[in-house]
Amino acid sequence: MAALLAGDSIDVGIVTTNEEAMIGFYNGVLGLPLAGGTTLPDGARIRRISCGRSVLRLYIPPIPVQPKPHEHWSAVAGLRYWAIRIDNLYAVVDDCRREGATIVQDVVEPRPGVSAALIADPDGNVIELMQIGNGKREAE
């Protein structure tokens, strides 16, 4: 049986022990609005960040976990990147660069009419920022 969707969005969760840097990146650099948070009975906390109709959930465990390093963002199975469609790709990539974010892949045109860049958040999670339509650099 197919799932009966009750909405038109998806929530993505990221486990982090780097709360302030992650909030600074998603809210401060990318400009995504904070949407509240909660503390769970075990002491873990969830900070919610709006992304259109979807929500990014930062999960802060009660006991810090140690991430295992890997060679490349695509070298480990599982959720390794997520994408956000935006209308000002070059300006956002420039902001990310200015703020010291890691540019994994600068702006490219993976197919006609689509421009995209890969940016890493402070924990190394990769976000594909993509623009549909005018792939030209926006006027300064």
Placing each pseudo-label 7 Å from Cα in the direction of the beta carbon, residue 59 and residue 40 end up separated by a distance in nanometres of 0.5 nm
With the charge dipole of the chain built from beta-carbon charges (+1 for Lys and Arg, -1 for Asp and Glu) about the Cα centre, the Cα from 55, 119, 90 projecting farthest to the positive end belongs to 55
Rounded to the nearest 5, the percent of DSSP beta bridges in the chain running antiparallel is 70 percent
Treating only Lys and Arg (+1) and Asp and Glu (-1) as charged, each at its beta carbon, one finds that the range 1-56 has a dipole about its Cα centre, in Debye to the nearest 20, of 80 debye
Most exposed first, judged by fewest Cβ atoms within 10 angstrom, 50, 9 run 9, 50
Here the gain from full extension of residue 81 to residue 3, 0.36 nm per residue of separation minus their alpha-carbon distance, amounts to 25.7 nm
Under the helix-only model (-39500 (n - 2.57) for each DSSP H run of 4 or more, divided by the residues of the chain), the mean residue ellipticity at 222 nm, to 500 deg cm²/dmol, is -3000 deg cm²/dmol
Checked the range 1-49 against the a/c 1.5 cut and the a/b vs b/c comparison, axes a ≥ b ≥ c from its Cα gyration tensor; verdict oblate
One finds, for residue 12 and residue 88 with R0 = 22 angstrom and r their Cβ-Cβ distance, a FRET efficiency to the nearest 0.05 of 0.55
With +1 on the Cβ of every Lys and Arg and -1 on the Cβ of every Asp and Glu, the dipole magnitude of the chain about its Cα centre, in debye rounded to the nearest 20, is 280 debye
Highest mean packing first, using Cβ neighbours within 10 angstrom, the peptides 119-130, 12-23, 35-46 sort as 119-130, 12-23, 35-46
Here the relative contact order (percent) of the chain, from C-alpha pairs under 8 Å and at least 6 apart, is 20 percent
For the chain, the longest principal axis of the Cα atoms and the Cα long axis of helix 89-98 enclose an angle in degrees, to the nearest 10, of 60 degrees
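No value in this document is a laboratory result; all are computed from the given coordinates. Keep in mind that this is a model prediction, so the values were computed, not measured. Heads up, the Cβs are rebuilt from the backbone with ideal geometry, glycines too, and the neighbour counts pull from every protein chain shown.
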